[in-house]
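> One structure coming up, written as structure tokens, with questions to follow.
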Amino acid sequence: MISERLVTIGIVAGEASGDILGAGLIHALRQRYPNARFVGIGGEEMKASGFHSLVPMERLSVMGLVEVLKHIRELVSIRHRVRDYFLSTPPDIVIGIDSPDFTIGLELQLREAGIRTAHYVSPTVWAWRRKRIFKIARAVDMMLTLFPFEARFYEEHSVPVTFVGHPLADAVPLHTDTDGARKALEIEGEGPVLAILPGSRQGEVERLGGLFLATAHWLQSRRSDVQLVIPCVNPARLRQVQAIIDAEAVKLPVKLVLGRSREVMAAADVVLLASGTATLEAMLLKKPMVVGYRLNSFTYFLASKLVKVPYVALPNLLARKELVPERLQDEATPEALGQAVLERLESKNQVEELKGAFTELHEQLRRNASQRAAEALVPLIEGNSG
């Protein structure tokens, strides 16, 4: 039902992925509230949807502990400014999108002042620092999760929650045009294609780039027809990967591509990649994958003590079993990774079963996330939180 009521909806997003989610949410909410006013912090995508940003979103886009500490005074100042704005002109609801270290604290202060709040994209509270759930329970009237296993965690702790699905599952078609992707990338050989994704950040590429290239060496010594393609998220990563290739004693025939990681994965027969969102994207493209990851030894020791989940790859977390092999830390060797890739190149029956499982998971996540999120927020906007 369309409401002509003039509502004010606060949204706070702190990074590019949140900006995209926020724009989708604004579009869906505007279908219900065409006269709505949207204000808070957002990026170019949200501003293009008619959003008013109180400060540039880029001032929140800080990665890493050292960088956060360097900018802590500014971040605190921005949070106080946004809090004071919403307290002086209370909106009908405030929605924090991801960036939990910034948004959850803000939501808590606003909710304690009587403003309804919601949070879109669960923090990884289900995986580590689980005691954060008690602060989250005080901070939000509704949690909107992208994955069903996250919603189960909140239900177990009596926090109001709605599983809305993942926007990426809405965006990626159910069927992948592998041939079309190969033509677009000008991959013309007859041999199978291995996509290699060692991560998007400098530190990840430092830790995994050489390992993944050594894995490719191992594989090509057994399957010389395998074609290697590496997408690089930006020119800096492309130069970094090229330098790693140039430093190898034996030169590998590798095709480097600037950006276009989804297209590269779509063109592949198998994907060798770091853990992270890319594993979800590979799953949605129905691609067999092998996940490898290494951390600093001390960081890994701490993580192994703190993390409370049995898997790191999203397909395995979603399926609640190991659909894709994970080779972590000391187990991440060229031989172990290469053998896992080789098995997936040479086992058609296994690959077909895997594609079926991935299709089921894709359909589970394909829920028109922006629309479902908007529908879940309407009772709060209308003042009926239950």
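> Does anyone have the angle between helix 297-306 and the longest principal axis of the chain? Alpha-carbon axes, 0 to 90°, nearest 10?
Tilt of helix 297-306: around 50 degrees.
> Please report, as a whole percent, how much of the solvent-accessible surface of the stretch 81-222 comes from carbon and sulfur atoms (probe radius 1.4 Å).
Here carbon and sulfur together make up 49 percent of the probe-accessible area.
> How far is the Cα center of the stretch 206-271 from the Cα center of the stretch 77-117, in Å?
Value for the Cα centre distance between the two parts: 44 Å.
> Moving on to the next point. Given contacts defined as C-alpha pairs under 8 Å and at least six residues apart, what's the relative contact order of the chain, whole-number percent?
16 percent
> Which cross-chain or sequence-distant (5 or more) residues have an amide H under 5 Å from the amide H of Lys255, H modelled 1.01 Å from N in plane?
Leu228, Val229, Ile230
> Could you please put His217, His119 in sequence from largest to smallest accessible area, using a 1.4 Å probe?
His217, His119
> While we're here: Long-range amide H contacts for Leu197: which residues qualify at under 5 Å (H placed 1.01 Å from N, peptide plane, sequence gap of 5 or more or a different chain)?
Amide H neighbours of Leu197, under 5 Å, 5+ apart: Leu272, Leu273, Ala274.
> Also, I was wondering about something else. If you roll a 1.4 Å probe over the heavy atoms of the protein chains, what accessible area per residue do you get for the chain, in Å²?
The answer is 47 Å² per residue.
> Largest first, how would Phe212, Phe149, Phe134 line up by accessible area (1.4 Å probe)?
Per-residue accessible area, sorted high to low, gives Phe134, Phe149, Phe212.
> Could you state the orientation-averaged shadow area of the convex hull built on the Cα atoms of the stretch 131-246, in nm² to one decimal?
The Cα convex hull of the stretch 131-246, projected and averaged over all directions, gives 11.3 nm².
> At R0 = 56 Å, how high is the FRET efficiency between Ser3 and Asp177 if r is their beta carbon distance? Nearest 0.05 is fine.
0.85
The values are calculated or read from the model by the stated rules, or taken from the named source; none is laboratory data. Since the structure is predicted, the reported quantities are computational estimates derived from the model, not experimental observations. All Cβ positions, even for glycine, are placed from backbone atoms using ideal geometry, and neighbour counts span all protein chains on display. Side chains included, ligands, DNA and RNA excluded: accessible areas come from the protein's heavy atoms. Shrake-Rupley method; radii C 1.70, N 1.55, O 1.52, S 1.80 Å.
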